[in-house]
Each structure stands twice: as C-alpha cells, then as structure tokens.
Amino acid sequence: MAKEGAQRAEETEQMIEKEGGKEAAEGSAAGSLRAGDTKEMRAVVLSAFGGLNKLRVSKKAMPEPQEGELKIRVKACGLNFIDLMVRQGNIDNPPKTPLVPGFECSGIVEALGDSVKGFEIGDRVMAFVNYNAWAEVVCTPVEFVYKIPDDMSFSEAAAFPMNFVTAYMMLFEVANLREGMSVLVHSAGGGVGQAVAQLCSTIPNVTVFGTASSFKHEAIKDSVTHLFDRNADYVQEVKRISTDGVDIVLDCLCGENTGKGLSLLKPLGTYILYGSSNMVTGETKSFFSFAKSWWQVEKVNPIKLYEENKVIAGFSLLNLLFKQNRGGLIKSVMDKLLNLYNNKKIKPVVDSLWALEEVKEAMQRIHDRGNIGKLILDVEKAPTPLMANDSTETSE
C-alpha cells in the first residue's frame, strides 16, 4: 500500500511539474517562470469575507514542510458549517484575507520535515489543518496527522476527523454518556449528527432524539430513536415521550434553542453548545441575524443552574487543537475512534463529492441544509460542465 501510494504521489508530482512548465512557457503578467522557481498548486482562495463570489480557485506557491511537519498530497477535503462562518467573517478573531479555507483533509504523505517520526513517504493519512486544507498540497504538524485504515477511502477519511472527534468528545469527555441515558441532537442528518447517532449506538440502551428537515427523515430514521421536524415544537414532543426530559442536549443552532435545550434537561443533565448555525441566515454576514439570535439566547442564571442541578458547557474542537494545545488528547480519542471503525461500529456518511471549482455549489448545499452526512471536495474530480443550480452567479 505504501509503495503504491508513493508511486501515485510521484505521478501526481510529475503532473503538477508538467502543468507548471506549460504555464511557464505561456508566461504571465509577473513574467515567465524560470527553472527552479517555486512549484505551484491549485487552491480555493477566499479573497475577502462575504458571499460566494469571494471564493475562487487560484494557483498558489506550494508549501514545504517545516520541522515537525508533514507535506501531504491532498486527495479529499471536508466541508463543515464553520467554513460558512469563516467565509462570512462570522467568527471570533478571524484571520486576515486572502486565505485558503478548510480544516481537515486526507491524502498521501509526500515529504517529511526534520524530526518527524512514525510516518513514511507514501503513507495514506488524514489530518487537521489550521486553515489551508482546500488545496492540492498542505503541510501540518505531525501531531495532527493520523494513518488511514486500509479499507477507508480518501473521501471517508476526509469526513472522519472533525465530525467523529467532535461527537466523541461531547458525548464521552464532556457529558459522560453511559448506558440507559438519553440524548437530544439537532441537525441529526448532518455530519456531526450522524456521528453522534452512530456513537450512541455503541452504548446499550441509549435513546436518541433528533431534529432534522422533514425531507431527510426517511434516509436517517433508522439511526435515531425518535425523529422530529426541525420546525416543529420538539420540546413538547420530547416531553410527551420522556416526561422528565433528556440527559444530554447537543446544540449546534443556538438562539432560541438554547433556552429550549436547558428546559429539557433532567437533573444532572448536560447541555453543550458547539455551534451557532442560526446566526447564518443569508449568504453574507448579517448584523440583524446575529443580534436576533443573540437576544433569543436565554440568559443563564447560575443560581438557577445550581437549584436545578444542570450543567451548561461549550465545545470547540478547533480551539482545543490550535489554541489550547490538546493535540495529545485528540490523538487518544482518534485511536479509540479508529478502533471502533476497524470493528465496524462506526462509518462516516458521505453526502456528495465536489470538485474544487464547485466549492460555491457545495457551500450553498450546506447553507440550504440539503446534505445528509458530509460534503467532500475531491481534489482529483473534474468539475461538472453545467450545474443544475449554479450558485456561482449568486450575488454577494
């Protein structure tokens, strides 16, 4: 497998070099490239925060691994709702633009930085990346890289890290899920929602309540114990089935759902906020939408939490990895998850594959909540000549 991977990586490298040579011959505004100039690669570039028209596929200088880093020839990249928020600049302390988005990918190890151990050129890997994942080549510290099981595809591997680590950490590290407990998860048809449902099934007698758009119900009904329409009064529906509520609420919506989630908690229950997708209502950042969602959040009274024996928590995997230096903890979680995968207890759900040039259409599908499972950018996929619903023309 490693030999095959190294050969494929070499072939890809030769293809890039050939394309670079062709571009050099044609010349550019900056002058023709000379032999030995920096190699180039394709990447999705966000030129400024805003709408879909701020995204484009461009040529960029190919990175080289620094000490402790791996260079990966990317095969597939994961798309997450956080990527929409990044595009809008709707996150805390956003980086400067232009930037290459994306936080997870899979591919083949192409080069090793100094002091890197445990990997070889040709290894099939998946990785977390602190931005820059949506490109043909990425470099990332070795502590964020994990080997892919032999029977896992590159698209499945790109769908694995963010969703399953987030779901596992919330269920087992924060909320201490145990036999006989109950869980409410929003966006049950999405990547994290499906990961939560699968992980809950590994524990005996866990009841999963899920909300999702009605058109997804037929496809995901077997993964969730009780499924409700996302626009219905799910609080009353849950209480009708379980009068005292649930043990765990996983909320990626925020806004008015925060108060609803807290009201559904049993004594000693845990509410976890891990996203705020309700604040993304249009293609661009809206102060009105942000303010509306913020004011809908029930103001938490610590005395009330104490009296009702409830726990409220937050979870951000990206902050845990890149700001709080918990790579070792995430590595141990990935080991457990890969063991579950190898024992056929869990399997990433891939919604669809998109070419890099189709990133706008892919993002629109997430925004419209049309996906069941994970959307993947397939770096080697050719774009569809005519899209049925072309979002590239969507105005900012």
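The values are calculated or read from the model by the stated rules, or taken from the named source; none is laboratory data. What you see is a predicted model; the values in this text were computed from it and never measured. Here the Cβ is made from the backbone with ideal geometry for all residues, glycine too, and neighbour counts use every protein chain on show. The accessibility values were calculated without ligands, DNA or RNA, using every heavy atom of the protein model including side chains. Shrake-Rupley method; radii C 1.70, N 1.55, O 1.52, S 1.80 Å.
Tabulated results
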quantity: Fraction of alpha-carbon pairs over 21 Å apart in segment 162-343 - percent; calculated: 51
quantity: Rounded to whole Hz, the Karplus (6.51, -1.76, 1.60) HN-Hα couplings of segment 306-323, x for glycine and proline; calculated: 5, 5, 9, 6, 10, 10, 10, 9, x, 9, 10, 5, 5, 5, 4, 6, 9, 10
quantity: Distance between modelled label sites at ALA382 and ASP222, nm, 7 Å Cα→Cβ extension; calculated: 3.5
quantity: Rounded accessible area per residue of segment 162-343, 1.4 Å, Å²; calculated: 46
quantity: Extension gain (nm, one decimal) between SER153 and ALA48, 0.36 nm per residue minus Cα-Cα; calculated: 34.5 nm
quantity: Dipole magnitude of segment 162-343 about its Cα centre (Cβ charges: Lys, Arg +1; Asp, Glu -1), debye to nearest 20; calculated: 380
quantity: Computed accessible area, GLU361, all protein chains, 1.4 angstrom probe, square angstrom; calculated: 10
quantity: Rounded percent of accessible protein surface that carbon and sulfur make up, segment 162-343, 1.4 Å probe; calculated: 51
quantity: Across LYS117/LYS336; LYS310/LYS347; LYS260/LYS344; LYS336/LYS381; LYS75/LYS345, pairs whose alpha-carbon gap is larger than 29 Å; calculated: LYS310/LYS347; LYS260/LYS344; LYS336/LYS381
quantity: Karplus (6.51, -1.76, 1.60) ³J(HN,Hα), θ = phi - 60°, over segment 195-211, in Hz, Gly and Pro reported as x; calculated: 5, 4, 4, 5, 5, 5, 6, 7, 10, x, 6, 9, 9, 10, 9, x, 10
